[in-house]
Amino acid sequence: MRFSKRAAVAAAGIAVALAASACGSGSGSGGKSSKDVEVFTWWADGGEKAGLDGLVAQFKTDCSQYNFVNGAVAGGAGSNAKQVLASRLQQGQPPDTFQAHAGAELTDYINAGQIEDLSSEYKQWGLDSAFPKGLIDNLTVNGKIYSVPSNIHRANVLWSNKTVLANAGITAPATTLPEFFTQLDTLKAKGVQTPLAVGKDWTQEMLFEAVLISDLGADKFTGLWNGKTSWTGSDVTQAINDYKKLLGYSNKDRDTFDWTDAEKLVMDGKAAYQLMGDWEAADLDTKGFKDYGYSVFPGNDKAYQWLADSFVLPKGAKNAEGTKCWLKTLGSAAGQKAFNTKKGSIPARTDANSADYPAYQQAAMADWKVDTPVPSCPHGSACSQGWQGAVASAQGKFSSDGDVEALQKALAAAAQQYAKK
Ligand code: GAL
């Protein structure tokens, strides 16, 4: 049910989309070989592709009897990939494995009966004790575990161009929202074109969630997704007003931008700041841009807004044994290291050695141990795909009309419709 709306949206472009998804190679003549393992992600470029490549190298070592086939569909946060995937699942043409976020988003696939129980593989591969219990709970429904997590990302990170800040006399990133507004005013007064770079709907949703965390605090923010906090409260109205003010410092063409386009404004020195998940660390590194700073979003203090990518065994996958080899590799200590050192995320496994990681991930690993975890809706840990879609379209509308009351109403209606379903 939940997928039917998305599938309808995707229907018009399905032929093109299916062709786009089959961008991999491995079976030589274009036909499918029984050794192929088609891995479906949205990690097509930059740091995301670098992470995938790291994992593929490990797969080639551990699973040399199989061929990796790249089924990536480009577009940040799966903005295109998820529609293509929904159509393929509906048509009974699943890839051998696909990327799904831990939490409510994964539960969608479980409830739709589209993925297999991996509990016995968990035991066989010793994964029961490899991941933190809280994460395993997010992968489990009715006592069965359905996916293997590859990583933990942090969403609420503020990235900056150090030179742009320094030229405006800003020596340290802001730590509170009022301080942030003051800095944005300073940047504007100094002639910085775009003090805060923003992209389209789901990236706007991320910025808005960061503001909600600042204005409501970690616990009340989490309550928005489990029914304990009302979406109609004055604190949410305040957050929408603060968010609206922030949009005033952003690029007007934001609705046409993916996250990498907004990131480019920062790299080019046209923007000072961007709120984005820590895949940006890997992407900036891959693009050779060194002049960047990072800090938690102003006012988020010790809230660690987490999300985890995980991989599944779809029902009807053509090469279930090959998929199991992929899953075993990505759950292993070597697989997690090969992937996460390049992806900007931290390993989901608890036995990693932080010294093996770049500086950003070392800091993130330390924070993850002590901070308060809060979930993310656009990245599936907080809400289902139907809820994600409703919020994204409300954000898109708000980006052009700025109607505070209408946004709050739409968010409250989405919660009413999708919470706990
Ligand atoms: C997230 C995903 C990350 C990263 C990001 C940007 O949803 O979990 O791994 O790929 O989208 O595309």
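What follows draws every value from the coordinates through simple rules; no lab data is involved. Since the model is a prediction, treat every value here as computed from it, not as a measurement. Cβ: placed from backbone, ideal geometry, glycine included. Neighbour counts: every protein chain shown.
I'm checking my understanding of the structure. Among residues of the range 213-235 that are hydrophobic (A, V, I, L, M, F, W, C), in a helix (DSSP H, G or I) and surrounded by fewer than 22 Cβ atoms within 10 Å (Cβ to Cβ), which one is nearest to the chain's Cα centre (by Cα)?
The residue in question is Ala218.
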> Hey, any hits in the range 345-362 for a residue that's over 21 Å from Lys49 (Cα atoms) and within 16 Å of the ligand (Cβ to nearest atom)?
Replying inline: no
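Can you tell me which residue within the range 135-173, out of those that are among the hydrophobic types (A, V, I, L, M, F, W, C) and within 16 Å of the ligand (Cβ to nearest atom), is surrounded by the fewest Cβ atoms within 10 Å (Cβ to Cβ)? So that I can check it myself, show each step before the final result.
Filtering the range 135-173 for residues among the hydrophobic types (A, V, I, L, M, F, W, C) gives 135-136, 139, 141, 145, 148, 152, 155, 157-159, 164-166, 168, 170, 172.
Adding the requirement that they be within 16 Å of the ligand (Cβ to nearest atom) leaves 135, 139, 148, 152, 155, 157, 159.
Working: Leu135: 21, Leu139: 26, Val148: 28, Ile152: 26, Ala155: 26, Val157: 25, Trp159: 26.
Filtering first and then ranking leaves Leu135.
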>> Where the second residue is of a type in the set (Val, Ile, Thr) and outside any helix (DSSP H, G or I) and the first is farther than 12 Å from Leu284 by Cα and within 10 Å of the ligand (Cβ to nearest atom) and lies in the range 40-57, which pairs have Cβ atoms under 6 Å and are six or more apart or on separate chains?
In response: Trp42/Val73
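Tell me which residues, restricted to the range 253-263, are within 15 Å of the ligand (Cβ to nearest atom) and not small (Gly, Ala, Ser).
The initial filter retains those residues of the range 253-263 that are within 15 Å of the ligand (Cβ to nearest atom), namely 257-263.
Selection gives Phe257, Asp258, Trp259, Thr260, Asp261, Glu263.
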>> Need a quick list: helices (runs of 4 or more DSSP H) entirely within the range 103-200 having at least 3 residues that are closer than 28 Å to Cys383 by Cα.
In response: 104-111, 119-124, 133-138
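Quick grid of which residues meet (1) acidic (Asp, Glu); (2) in a strand (DSSP E or B):
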| position | (1), (2) |
| --- | --- |
| Ala239 | no, no |
| Lys252 | no, no |
| Glu263 | yes, no |
| Ala272 | no, yes |
| Leu275 | no, yes |
| Asp283 | yes, no |
| Gly288 | no, no |
| Pro298 | no, no |
| Ala334 | no, no |
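Yes or no, residue by residue, for (1) within 16 Å of the ligand (Cβ to nearest atom); (2) among the hydrophobic types (A, V, I, L, M, F, W, C):
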| residue | (1), (2) |
| --- | --- |
| Phe289 | no, yes |
| Val296 | no, yes |
| Leu307 | yes, yes |
| Leu313 | no, yes |
| Gly316 | no, no |
| Thr323 | no, no |
| Leu330 | yes, yes |
| Gln336 | yes, no |
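Mind telling me which of the residues Asp268, Asp285 ends up being without any contact (Cβ under 8 Å) to a residue 60 or more places away in the chain and more than 19 Å from Phe181 (Cβ to Cβ)? First the steps, then the outcome.
Numbers: Asp285 fails: without any contact (Cβ under 8 Å) to a residue 60 or more places away in the chain.
Result of the check over Asp268, Asp285: Asp268.
In the range 69-80, how many are free of Cβ contacts under 8 Å to residues at least 60 places away in the same chain and within 10 Å of the ligand (Cβ to nearest atom)? Walk me through it before giving the result.
To start, the set of residues in the range 69-80 that are free of Cβ contacts under 8 Å to residues at least 60 places away in the same chain comprises 69-74, 78.
Pick out the ones that are also within 10 Å of the ligand (Cβ to nearest atom) and you get 74, 78.
Going through the range 69-80 one residue at a time, the tally reaches 2.
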> For the range 60-82, how many residues are surrounded by fewer than 22 Cβ atoms within 10 Å (Cβ to Cβ) and in a helix (DSSP H, G or I)?
Replying inline: 3
> Which of (1) within 15 Å of the ligand (Cβ to nearest atom); (2) surrounded by fewer than 20 Cβ atoms within 10 Å (Cβ to Cβ) does Pro132 not meet, given it meets every other one?
Replying inline: (1)
>> Checking Tyr66 against (1) of a type in the set (Ser, Thr, Tyr); (2) in contact (Cβ under 8 Å) with a residue 40 or more places away in the chain; (3) closer than 24 Å to Gln385 by Cα: exactly one of these is not met. Which one?
In response: (3)
>> Quick check on my filter: what residues within the range 192-242 are in contact (Cβ under 8 Å) with a residue 24 or more places away in the chain and of a type in the set (Lys, Arg)?
In response: Lys200
